[in-house]
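Enquirer: What follows is a single structure, and I will ask about it in a moment.
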Amino acid sequence: RASAMKHFLESFCLLGAFLHVCTQHTVPASEFQLEGDYLIGGLFHIHDDTGSVYHERPEALDCTTKPLTFSNYRRFQMIRFSVEQVNNSTNLLPNVSLGYDIFDHCSDTQNFPGVLKLISANGSIQPWSDKQSVLSKVIAVVGPFTSTQSLTVAPLLMVNLVPMVNYATSTSVFSNKAKYPSFLRTLPSNLNMIDVIVRILQKFNWRWVAFLNSDDDYGNDGLNLFTQRIKDTEICLPYSKGLSDSTNYTQTFKQMEAKQINVIIVFALENNVEPLIESAMLLNVTNKVWIAGDAWALNKKLPKMKGIKNIGTVLGVAEPVVTIPGFSDFLHSSKAQLHCKYAEQDTFCNQKCNCSCMNPEDIFAADPSYSFAIYSAIYAIAHALHNTLRCGADKCDSNITVYPYIVLAELRKSNFTLVNNSIQFDDNGNLKQGSYSVVFWNNSGDAQEIGFYQFNSEVHFFVDDSKIEWHTNGEVPTSLCSPECPAGYIKKRNGIYECCFDCEICANGTYVNITESPYTCLKCKDIEWSEEGSTSCNLRAVEYISATDIVATLVFVAACAFVGMTLAMSVLFSVNYNTPVVRSAGGPMCFLILGCLSLSNLSVFFHFGKPTVPLCTLRYLPFLLFYTICLACFVVRSFQIVCIFKIAAKIPKLHSWWVKYNGQWLVIVVAFVIQAIFLVIGYSCKPPSPYNETSWYPDKIILSCDISLQASTASVILLLSICTLCFIFSYMGKNLPKNYNEAKAITFCLLLLILTWIIFATECMLYRGKYIQLLSALAVLSSLYSFLFWYFLPKCFIILFQPHKNTQQYFQGLIQNYTKTISQ
């Protein structure tokens, strides 16, 4: 018995030694778990449960029965690698080990057991206690993958401010710290990605686009952000569609084709995109530009599918691919250690994969999206824990009790560099700085980087379009509802979209500024002009006749000559004052007429030069005032002629009264006073002022004077009335003796006067150029010269060359012969 007992003890010891050796083996119990002083929870989308199956009774979800993709499994391996690298670091967390507890979070709504385990301590949750007596070792959670999953899980983690560091959820709602105070993410938000997409559209002038999004929180958020972002742009969204398992792709593509949309933005997850692209190839959808969101821009399967180039050109927005040192070696060593032995191990639900026999090369070659975001998340947590434990060069303070909210506080203060990338969070838990790559699916089936988008304090965006192999033989494809209007045309909206319009040319005097208002023809300023269809205005040429102009000089010479002639005639008349010709011409009244004609001549000198208020005032004032006196004198002379030869013979009393009270001077004074009053009142109420004539010539400004018709009406009417009376009286004397032709001379002068101003008025209606002032000056001179030449000059001729007709006997003979004639 003793011998048997001895052999039993020896065998027992040998078995114990064997078990001890087995437990010391480096192969972990499961890929999903790793023991450590502190644990990081992981919610990873390894398998994909997209189906919505109705259950009549509760059923546990087994993720291993769902489809698996290499890209999801690659991300799962990235968190394992990152934790191992931190544990091997000599700078981070010395003598402190990190572990992980990872769950396959394959469903949006049915993975709560794993989440509850992460927030429990020894299998229990104490949501109402101020401080748990037994703390969970989980200090932070990384994941989950989709926005809907994050929205489902987040409230459970927010209660105790457990840091939720996400690597893939870009929905903008998580920037709301009032609802999600402990949520942070190591990738840019949808706001940044939508900004990249819009910049791509603007660069290539694509304004007529479709937006296809996954019918979930991620896709709907992208659609809302895109709609808001394009409000102040020229981009229109005539078609949008939420993609799901029940989407009718045939109908979707027909609707887009009916709207002639050539650019399609696909903001969806891979499980929605792959059926979409496959349907496009099957339905022969060609010659489109596809813009991929970051969820599928680096997809490895689609670019290598046969016929993918037929659908058109694929551009994408993706996270920059960062080479993480050591990851490939980790995959090979990890898979070599497992030897497919632990595929069936399972310590908790959804913590097995049945995928340990996968080829490391296939895993490494899978879609690398979100890899650096996972890597950054682990290092951010490690740095936060390092600071929480007040770690030094070789040890950490093990006496510090670590609560998740303390780690959260340190996470918010993160500021470190990882693989040449700065990791910092803003107040909303988003990265302070980050970047996107703009990629193009080339003919080799690779996502070739052709540009970048970087944001920090400012945004930098660049795309090298020379690297893009367009499906339109090198030409950039177009996607417009209406072609761009030619220069000088405005857009008239045609329908509900701003992108659909007709083009209308801008008329003369207007222009279009497409940067300010492409829908309105803007009126040029008064000093500017434009031709039809202009995009800017030109300064008008300012025109007026200067006082030094040749025509002005000629007019001045004529005016001076007129003054000289009136002075000469005045001298001649004064020398022959007592002769019958001078006395019959009016005697002393001749000097008044000649003096007023000279004063009226002053108006001519104010017709030239740049108009000013004084110049405009004196342009017609001397003429209106003193020419009134001249016409009043001729009215009196005409009336006297009629009285002498007709009224004196028939109504002698009237003639005697006229002579006794100097009726001729009374009429002249009254006319002068009334005209002076009219002019003072009119020019005081609205004095003449400089005026820019802009309506007649589109490219010129004619400087002239604005003389109010209302202010001058009374003066002009008085002048016309006197002229009419003068014409009537002079016409009544048309039957006077042939050689005594003063009445005929006055009538002829008045006819010339009337004809002159009729011609001038006609010219004013037909022409408003700068020479209108010259014509006005000539009209004034013509009015003055008509009386000088046809009334006074013949009398001067008699005095100088026919003195025999300038005798008393000659005039008395004419009068006696005419008196005998009318008495018979």
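Enquirer: Measure nothing but the geometry: give the 0 to 90° angle between the long axis through the Cα atoms of 2-23 and the longest principal axis through the Cα atoms of the chain, rounded to 10°.
Expert: The helix 2-23 is inclined about 10 degrees to the chain.
Enquirer: Return one quarter of the surface area of the convex hull spanned by the alpha-carbon atoms of segment 52-123, equal to its mean projected area, in nm².
Expert: Working: hull surface 28.4 nm².
Across all orientations, segment 52-123 yields a mean hull projection of 7.1 nm².
Enquirer: In deg cm²/dmol, rounded to 500, what helix-only [θ] at 222 nm does the chain give when every DSSP H run of at least 4 residues adds -39500 (n - 2.57) and the total is split over its residues? List each step's numbers first, then the result.
Expert: Details: 24 runs with 347 residues, N = 824.
Helices in the chain give a 222 nm mean residue ellipticity of -13500 deg cm²/dmol.
Enquirer: Further question on the same structure: What share of all Cα pairs of segment 196-299, in percent, falls into each consecutive 10 Å distance bin?
Expert: 15, 53, 31, 2
Enquirer: Moving to a separate point now. For segment 58-209, what is the relative contact order in percent, using Cα pairs closer than 8 Å and at least 6 residues apart in sequence? List each step's numbers first, then the result.
Expert: On the way: 133 pairs, mean separation 20.8, N = 152.
Relative contact order, segment 58-209: 14 percent.
Enquirer: What does the convex hull of the Cα atoms of segment 752-803 come to per residue, in Å³, rounded to a whole number?
Expert: Working: hull volume 3.1 nm³, N = 52.
Per-residue hull volume (Cα only) is 60 Å³.
Enquirer: Report, largest value first, the span of the C-alpha coordinates of segment 369-452 along each principal axis, in whole Å.
Expert: 59, 29, 18
Enquirer: For Val557 and Lys304 in the same chain, what is the full-extension length gain: residue separation times 0.36 nm, less their Cα-Cα distance, in nm?
Expert: 81.5 nm
Enquirer: Using amide H atoms built in the peptide plane, which far-off residues or other-chain residues are under 5 Å from Gln448 H to H?
Expert: Long-range HN contacts for Gln448: Phe440, Trp441, Asn442.
Enquirer: On the first, second and third principal axes, largest extent first, how far apart are the outermost C-alpha atoms of the chain in Å?
Expert: 197, 61, 50
Enquirer: Just to confirm, what accessible area per residue do you get for the chain at 1.4 Å probe, in whole Å²?
Expert: Details: 39820 Å² over 824 residues.
The answer is 48 Å² per residue.
Enquirer: If r is the Cβ-Cβ distance from Trp757 to Glu504 and R0 is 35 Å, what FRET efficiency results, to the nearest 0.05?
Expert: 0.15
Enquirer: Further, regarding this structure: About the Cα centre of the chain, how large is the charge dipole given +1 on each Lys and Arg Cβ and -1 on each Asp and Glu Cβ? Please answer in debye to the nearest 20. Could you put the intermediate results ahead of the total?
Expert: Working: 60 positive and 62 negative charges, 1276 e Å.
Here the size comes out at about 6140 debye.
Enquirer: Suppose every K and R has +1 on its Cβ and every D and E has -1 on its Cβ; what is the size of the dipole of segment 444-554 about the Cα centre, in Debye to the nearest 20? Let's see the in-between values first.
Expert: Values: 7 positive and 18 negative charges, 92 e Å.
My answer is approximately 440 debye.
Enquirer: Across segment 575-614, how large is the tail of the calculated P(r) beyond 17 Å, expressed as a percent of all Cα pairs? Please list the in-between numbers first.
Expert: On the way: 393 of 780 pairs.
Roughly 50 percent, rounded to a whole number.
Enquirer: State the extension gain, in nm to one decimal, for the chain segment bounded by Glu475 and Asn284, taking 0.36 nm per residue of separation less the distance between their alpha-carbons. Mind showing how you got there, number by number?
Expert: On the way: separation 191, 0.36 × 191 = 68.76 nm, distance 2.16 nm.
Value of the extension gain: 66.6 nm.
Enquirer: Check cross-link reach from Lys744 to the lysines: straight Cα distance under 29 Å, and skip same-chain residues fewer than eight apart.
Expert: Lys646, Lys650, Lys653, Lys660, Lys734, Lys795, Lys805, Lys820
Enquirer: State the extension gain, in nm to one decimal, for the chain segment bounded by Gln808 and Lys413, taking 0.36 nm per residue of separation less the distance between their alpha-carbons. Display every interim value, and only then the final one.
Expert: Values: separation 395, 0.36 × 395 = 142.20 nm, distance 12.69 nm.
So the extension gain works out to 129.5 nm.
Enquirer: Hey, could you pull the Cα Rg and Dmax for segment 508-637, both in Å?
Expert: 25.2, 84
Enquirer: Here is a further query. Highest first, please rank the peptides 766-774, 585-593 by the mean number of other Cβ atoms sitting within 10 Å of their residues. Intermediate values should be presented prior to the final figure.
Expert: Details: 766-774: 16.0, 585-593: 18.7.
The peptides rank, most packed first, as 585-593, 766-774.
Enquirer: Could you tell me the center-to-center distance, by alpha carbons, between segment 586-635 and segment 424-470 in angstrom?
Expert: That distance is 83 Å.
Enquirer: Just the Kirkwood number for segment 667-720, please: inverse of mean 1/r across all distinct Cα pairs, in Å, one decimal.
Expert: Its Kirkwood hydrodynamic radius stands at 12.8 Å.
Enquirer: Could you go through segment 760-765 in sequence order and give the Karplus-derived ³J(HN,Hα) for each residue, using 6.51 cos²θ - 1.76 cosθ + 1.60 with θ = phi - 60°, rounded to whole Hz, and x for Gly and Pro?
Expert: Per-residue couplings from phi come out as 5, 4, 5, 4, 5, 6 Hz.
Enquirer: Please quote Rg/Rh for segment 160-243 to two decimal places, taking the Kirkwood radius as Rh and restricting both calculations to Cα atoms. Show your work: numbers first, answer last.
Expert: Details: Rg = 14.6 Å, Rh = 14.0 Å.
A ratio of 1.04.
Enquirer: Each residue of segment 440-457 in turn: what ³J(HN,Hα) in whole Hz from Karplus with 6.51, -1.76, 1.60 and θ = phi - 60°, glycine and Pro shown as x?
Expert: Couplings: 9, 7, 7, 5, 7, x, 10, 8, 8, 6, 10, x, 8, 9, 10, 10, 8, 6 Hz.
Enquirer: Rounded to the nearest 20 Debye, what is the dipole magnitude of segment 525-676 about its Cα centre when Lys and Arg each give +1 and Asp and Glu each give -1 at the C-beta?
Expert: Working: 10 positive and 6 negative charges, 250 e Å.
Charge dipole of segment 525-676: 1200 debye, to the nearest 20.
Enquirer: On to the next question. In the chain, with Lys and Arg counted as +1 and Asp and Glu as -1 at Cβ, which of these residues, Cys590, Ala380, Cys500, has the Cα nearest the positive end of the dipole, that is, farthest along it?
Expert: Projecting each Cα onto the dipole axis, the largest value belongs to Cys590.
Enquirer: Further, regarding this structure: Under 8 Å for C-alpha pairs, at least 6 residues apart: give me the relative contact order for the chain, rounded to a whole percent.
Expert: This gives 10 percent for the chain.
Enquirer: Further question on the same structure: Given a 1.4 angstrom probe, I'd like the percentage of the accessible area of the chain that is carbon and sulfur, rounded to a whole number. Don't skip to the end; give the middle numbers.
Expert: On the way: 22830 of 39820 Å².
Ligands and nucleic acids excluded, carbon and sulfur give 57 percent.
Enquirer: Averaging the inverse of every distinct alpha carbon separation and then flipping it gives the Kirkwood radius. What is it for segment 82-211, in angstrom units?
Expert: Working: mean 1/r = 0.0579 Å⁻¹.
Taking every pair of different Cα atoms in segment 82-211, averaging 1/r and inverting gives 17.3 Å.
Enquirer: For segment 315-329 and segment 94-108, what is the separation of their Cα centres, given in Å?
Expert: 22 Å
Enquirer: Which is farthest toward the positive dipole end of the chain among Leu793, Asn220, Val96, measuring Cα position about the Cα centre, with Cβ charges +1 (Lys, Arg) and -1 (Asp, Glu)?
Expert: Working it through, the farthest residue towards the positive pole turns out to be Leu793.
Enquirer: Please report, for the Cα atoms of segment 377-504, the Rg to one decimal and the Dmax as a whole number; what are they, in angstrom?
Expert: Here Rg and the maximum Cα pair distance are 25.3, 79 Å.
Enquirer: For segment 671-801, what is the convex hull volume of the alpha-carbon atoms per residue, in Å³? Intermediate values should be presented prior to the final figure.
Expert: Values: hull volume 17.8 nm³, N = 131.
Once divided by residue count, the hull of segment 671-801 is 136 Å³.
Enquirer: So, one more: Listed here are the pairs Lys523/Lys686; Lys300/Lys467; Lys241/Lys432; Lys492/Lys700; Lys66/Lys432; Lys241/Lys309; which of them are more than 26 Å apart at the Cα?
Expert: Values: Lys523/Lys686 29 Å; Lys300/Lys467 20 Å; Lys241/Lys432 32 Å; Lys492/Lys700 31 Å; Lys66/Lys432 37 Å; Lys241/Lys309 23 Å.
Beyond 26 Å: Lys523/Lys686; Lys241/Lys432; Lys492/Lys700; Lys66/Lys432.
The values are calculated or read from the model by the stated rules, or taken from the named source; none is laboratory data. In this text, all values refer to a predicted model and were calculated from it rather than measured experimentally. Cβ atoms come from the backbone with ideal geometry, glycine included; neighbour counts cover every protein chain shown. Surface accessibility is based on the protein's heavy atoms, side chains included, excluding ligands, DNA and RNA. Shrake-Rupley method; radii C 1.70, N 1.55, O 1.52, S 1.80 Å.
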